[in-house]
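Participant: Let me give you the structure first, and then I'll get to my questions.
The values are calculated or read from the model by the stated rules, or taken from the named source; none is laboratory data. Source: prediction; values computed, not measured. Neighbour counts run over all protein chains shown; Cβ positions are idealised from the backbone, glycine included. Protein only, heavy atoms only, side chains kept; ligands, DNA and RNA dropped before computing areas. Shrake-Rupley method; radii C 1.70, N 1.55, O 1.52, S 1.80 Å.
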Amino acid sequence: MHKLACPKCHSPLLKVGKTYQCQHNHCYDIAKSQYINLLLNPDKATNNPGDNKESLLCRKAFLNQGYYDVILNEVVKYIQNHDRKNMHILDLGCGEGYYTYQMKQQLSADATAYGLDISKEGIALASKYTKDIHWIVGNSKNIPIVDKSLDVITALFTVVNVDELRRCLKDDGYIIHVTANNKHLIEFKELIYDEVKVKSDEFIRLPFRVIESYDFIEKIHLRNKEDTLNLLKMTPHYYHIKKEKRPILDTLNEFDVTIDIKITVYAI
């Protein structure tokens with residue numbers, strides 16, 4: 001049984017025909033591709049929040065080449081080593097759904113998976129992977145999930161809301177938080193910026209008990225110009241390139257780039 005909740009009152013949602021309804025008669029239509037839009041107008045700053053379609057398509061094309069599976073595998077390995085029956089797992093900021101889909105494929109058959117992103121375009125793309133996941137348009141500041149119902153929350157390179165994590169996670173659940181270290185994609189940064197600034201990660205650490213935390217570093221070889229540009233375009237760095245440095249893009253081809261991330265597992 002799913003743990004979807006009304007974003008207005010957080011009471012459980014029940015599927016009635018082609019809609020989801022709560023006990024207070026709040027109704028939400030199910031899209032033709034079976035995702036559900038639970039993003040309220042007060043929870044979005046623009047009409048089309050989240051990543052744009054170009055960025056999402058670049059992300060889809062890049063991730064489907066398997067370059068970032070080394071990151072995915074670290075997350076899946078931890079979940080598999082701490083498997084439990086009838087697990088409910090939410091992937092926050094799932095974008096076009098690659099990580100969520102791959103996690104679902106590799107976890108126990110009785111696991112229930114949810115992918116949430118604020119981008120309607122992203123969730124529409126994600127729903128093409130499989131209908132065996134609850135794909136949700138929603139805001140991480142107002143997660144449409146029943147209180148204390150999730151065993152695992154994954155957050156890979158995305159913004160989280162501490163209060164909502166605490167509300168949704170079971171008392172014995174855990175969060176897998178993947179964040180970029182300063183040397184992550186350093187080769188791109190050195191091409192784009194006049195000065196590469198070292199930033200503190202103080203403000204992205206979560207105020208929960210740390211179960212495990214480690215750095216993961218690996219250099220990957222991008223095989224062609226298309227893959228190199230797709231990776232760059234799915235990052236904020238692409239949109240920060242100054243006009244005078246745009247010609248650099250024409251020189252990119254095969255490329256070696258560094259993955260430098262921190263993987264932290266938290267308990268509430």
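Participant: Residue separation times 0.36 nm, minus the C-alpha to C-alpha distance between residue 86 and residue 159: what's the value?
Facilitator: Gain in length upon complete extension: 23.6 nm.
Participant: Within segment 159-233, list the trypsin sites (Lys or Arg not before Pro) lying in a DSSP loop whose Cβ has at most 11 other Cβ atoms in a 10 Å radius.
Facilitator: Listed in order of number, the matching sites are 197, 199.
Participant: Quickly work out the residue 15-to-residue 1 label distance, labels modelled 7 Å from Cα along the C-beta direction, and quote it in nm with one decimal.
Facilitator: 1.5 nm
Participant: Which longest run of the chain has no exposed loop site in it, a site being GluC sites (Glu not before Pro) in a DSSP loop with at most 11 other beta carbons within 10 Å, and the site itself not part of the run?
Facilitator: Segment 1-194 is the longest.
Participant: So what's the angle, to the nearest 10 degrees on a 0 to 90 scale, between helix 69-81 and the longest Cα principal axis of the chain?
Facilitator: Relative to the chain, helix 69-81 is tipped by roughly 40 degrees.
Participant: Next question. In whole percent, how big is the carbon plus sulfur part of the accessible area of the chain, probe 1.4 Å, protein atoms only?
Facilitator: Result for the chain: 48 percent of the exposed heavy-atom area is carbon or sulfur.
Participant: Helix 53-63 versus the longest principal axis of the chain: what angle, 0 to 90°, nearest 10, using Cα atoms?
Facilitator: It is inclined by approximately 80 degrees.
Participant: Still on this structure, I have one more. Using the Cα gyration tensor of the chain, with a ≥ b ≥ c the square roots of its eigenvalues, what is the shape: rounded (a/c below 1.5), prolate (a/b larger than b/c) or oblate (neither)?
Facilitator: Prolate is the answer for the chain, as a/c is 1.5 or above and a/b outweighs b/c.
Participant: Residue 46 versus residue 70, label points 7 Å from Cα toward the beta carbon: distance in nm?
Facilitator: Between residue 46 and residue 70, the simple spin-label model gives 3.3 nm.
Participant: In segment 20-103, which trypsin sites (Lys or Arg not before Pro) fall in coil by DSSP and have 10 or fewer other Cβ atoms within 10 Å?
Facilitator: 32, 85
Participant: Would you grab the residues whose amide H sits under 5 Å from the one on residue 184? Only those 5+ places off in sequence or on another chain, please, with H modelled 1.01 Å from N.
Facilitator: 260
Participant: Right, next: Length gain on complete extension for the stretch residue 205 to residue 221, per 0.36 nm per residue less the alpha carbon to alpha carbon distance?
Facilitator: 2.8 nm
Participant: For segment 102-135, which trypsin sites (Lys or Arg not before Pro) are both in a DSSP coil and crowded by at most 12 other Cβ atoms within 10 Å?
Facilitator: Those satisfying the criteria are 131.
Participant: Tell me, what ³J(HN,Hα) does each residue in segment 118-123 have, in order and in whole Hz, if you take phi through Karplus 6.51 cos²θ - 1.76 cosθ + 1.60 with θ = phi - 60° and put x for Gly and Pro?
Facilitator: Karplus values, whole Hz, x for Gly and Pro: 7, 8, 5, 4, x, 5.
Participant: Grab the DSSP H runs of the chain that are 4 residues or longer, score each as -39,500 (n - 2.57), total them, divide by all residues and round the 222 nm result to the nearest 500 deg cm²/dmol.
Facilitator: Rounded to the nearest 500, the figure is -7000 deg cm²/dmol.
Participant: Something else about it: Residues of segment 1-92: accessible area per residue at 1.4 Å, in Å²?
Facilitator: Each residue of segment 1-92 exposes 55 Å² on average to a 1.4 Å probe.
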